[in-house]
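Down below is the structure, laid out as structure tokens.
Nothing in this text is a laboratory measurement; each read-out follows from the coordinates by a stated rule. For clarity, every value in this text was computed on a predicted model and none was experimentally measured. When we count neighbours, we look across all protein chains shown, and the Cβ atoms used for this are built from the backbone with ideal geometry, even at glycine.
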Amino acid sequence: MRLLLHTGLLAAIGIGLTGSPVVADITTTINPASNRGSWEGWGVSLAWWGKIFGTRSDLADIFFTKNLVSYSGSTLPGLGLNIVRYNAGASSSNSINGTTMASNSILSSRKIDGYWIDWTSSSPSSSSWSWGVDTNQRNMMALAKARGVDRFELFSNSPMWWMCSNHNPAGASDGGENIQSWNIANHAVYLATIAKYAHDNWGITFTSVEPFNEPSSSWWKSTNNQEGSHFSIATQTQVISALRTELNNRGLSSTAVSASDENTYDLAVSTWNSFNSTIRGKIGRINVHGYQQTSGRRDLLYSAASAAGLKIWNSEYGDSDATGTQLAQSLLLDFSTLHPTAWTYWQAVDGSGWGLITGDVEAGSLSSATKKYFVLAQFTRHIREGMRILDSGNSAVAAAYDATNRKLVIVAANFNSGQYINFDLSKFSQPSTNGAAVARWSTHLTSSEQYASYSDTVMSGTKFWSYFDQNTVQTFEVNNVSL
Ligand SMILES: *[C@@H]1O[C@H](CO)[C@@H](O)[C@H](O)[C@H]1NC(C)=O
Ligand SMILES: *[C@@H]1O[C@H](CO)[C@@H](O)[C@H](O)[C@H]1NC(C)=O
């Protein structure tokens, strides 16, 4: 395999320089007339890792800059994420006339302190609100902002514990609805009040507020080790309406209500289809989680969103595959079929293959970056905010165009046997120039190559090509390209 790769590459370049046609295993034609949206960016949710590691400026450099960052004896290429999702907590340790939060099972790293600690007053300046809690998660948000993060989403996993029937923000005993009917509007008041306070006091203007987390799923149970809450469709509609009103009442009409962060593409479609036109009109963006991996009708969700004139964010993706294979496959399908305008990972630091950097959040310990980190870097360091997403002609290829710098970016993966992928730019009015260098980066998911850059690829007429070993992700940047 190695020898074949080596001679193959040399042969390809040799033929390319003479301008002769090349035989490639796959040819994909990028369509410059297509427009799958202006890319809003890449992000991560804070919550648990933000609470535990929120003072670590090295982690902020790693996740929120594109610098080369020294970390634990190695150098990591920063991911350059520009979106942060901040979790409005549901927990507090105070007693309200003898009543306290009920959960015994939520892990301390997953118990996020909420700001509205008793029901006496909705006034944020009253003693019912405790604005000093959750300092670490807020600190990581501030570190992120200082490094250029420019989009923020406020999200909730559960209403404050005292708004819940069993006073347990992990969920109801049977996984059913847990919010008390008289607190439905208060959940909206809670989130809108945080958004207003953040605007006035933290220098953070939330782009959007997401009041739910996988609300149609029935696994949010009182014995869980994390905050969670099931909401019926009828209750979701009440929260969405109330949240829109409460944001408007606080001068935050440009902060969108995003919904519903369902676990799968298919659930997102069914939830959307069950909302009537009034409710749909109050939703500013469709958020969906990517836990259906390579399954699910991404196409139907995209059709529904397009028909409503709404954008989609894959607002939470995570998996336990530390090689990055599942991530690359799912993400490339998102580009080809879901067409989100942003994509955010769940926990940047986590164990059991879930983290980009391995760590035990509960124990507060950190280890090295996973291969998944470098796979994600192939995307996040190159497809940047403001680029126009193009139809790449192949579901294993993502393409984006940077109009300011007249640069075409292509990220492609190969999970089959080793093969050439031939990129045809002939439909561009200026497909770079014959012989021009194409910058290339490669990550090998099952060998040691992490994020290596190469200058071995050139335009041959209106094409270029590269050999893809099995289980590789490669990125290309082509300059001097006009649509
Ligand atoms: C506690 O109980 C007293 C007496 O019933 C009441 O006046 C007060 O408002 C209660 N406090 C809270 C936080 O509910
Ligand atoms: C949509 O549902 C809401 C809540 O049930 C209701 O108030 C509203 O009138 C409905 N709108 C339409 C167009 O049916």
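Overview of results
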read-out: Zone of Ser108's modelled label, taken as backbone nitrogen in segment 57-98 under 20 Å from a point 7 Å along Cα→Cβ; value: 89-95
read-out: Computed helical MRE - 222 nm, the chain, DSSP H runs ≥ 4 contributing -39500 (n - 2.57), nearest 500; value: -7500 deg cm²/dmol
read-out: Counting DSSP beta bridges with both ends in the chain, the antiparallel % (nearest 5); value: 55
read-out: FRET efficiency estimate (nearest 0.05) - Cβ-Cβ, Ser128 to Thr99, R0 22 angstrom; value: 0.95
read-out: In Hz, Karplus ³J(HN,Hα) per residue of segment 278-284 (6.51, -1.76, 1.60; θ = phi - 60°; x = Gly, Pro); value: 5, 5, 4, x, 9, 8, x
read-out: Quotient of Cα Rg and 2.2 N^0.38 Å for the chain, N being how many residues it contains; value: 1.02
read-out: Summed side-chain charge close to Ser315 - residues other than Ser315 whose Cβ falls under 12 Å, Lys, Arg +1, Asp, Glu -1; value: -4
read-out: ³J(HN,Hα) computed for each position of segment 253-270 - Karplus, 6.51 cos²θ - 1.76 cosθ + 1.60, integer Hz, glycine/proline x; value: 5, 8, 7, 6, 8, 9, 7, 10, 6, 5, 5, 10, 4, 5, 5, 4, 5, 5
read-out: Among 175-182, 282-289, the order from most to least packed when residues are scored by Cβ within 10 Å on average; value: 282-289, 175-182
read-out: Those aspartates and glutamates that a straight Cα-Cα span of less than 19 Å connects to Lys311, excepting residues fewer than 8 apart in one chain; value: Glu40, Asp150, Glu153, Glu210, Glu214, Asp261, Glu262, Asp266, Asp299, Asp334, Glu385, Asp391
read-out: Cut-off 13 Å, label 7 Å out along Cα→Cβ of Ala307, residues of segment 254-285 by amide N; value: 269-277
read-out: Stretch gain in nm, segment Ala146-Asn201, where the contour uses 0.36 nm per residue and the Cα spacing is subtracted; value: 18.2 nm
read-out: Assigned charges on the beta-carbon of Lys, Arg, Asp, Glu; the chain dipole about Cα centre (debye); value: 900
read-out: In segment 353-410, the trypsin sites (Lys or Arg not before Pro) that fall in loop regions by DSSP, at most 15 other Cβ within 10 Å; value: Arg406
read-out: Mean Cβ count within 10 Å, highest first, over the residues of peptides 331-339, 97-105, 452-460; value: 331-339, 452-460, 97-105
read-out: Relative contact order (%) - segment 41-385, alpha-carbon pairs under 8 angstrom, separation at least six; value: 17
read-out: Table column - 3J(HN,Hα) (Hz), segment 290-305, Karplus curve with 6.51, -1.76, 1.60, x for Gly and Pro; value: x, 7, 7, 6, 8, 9, x, 8, 4, 4, 5, 5, 4, 4, 5, 5
read-out: Long-range amide H partners of Asn87 with built H, under 5 Å; value: Leu46, Ala47, Phe155
read-out: Flagged links, alpha-carbon separation over 26 Å, of Lys196/Lys221; Lys221/Lys282; Lys145/Lys372; Lys371/Lys427; Lys111/Lys196; value: Lys196/Lys221; Lys221/Lys282; Lys371/Lys427
read-out: Quarter of Cα convex hull surface for segment 199-284, i.e. mean projection, nm²; value: 6.7
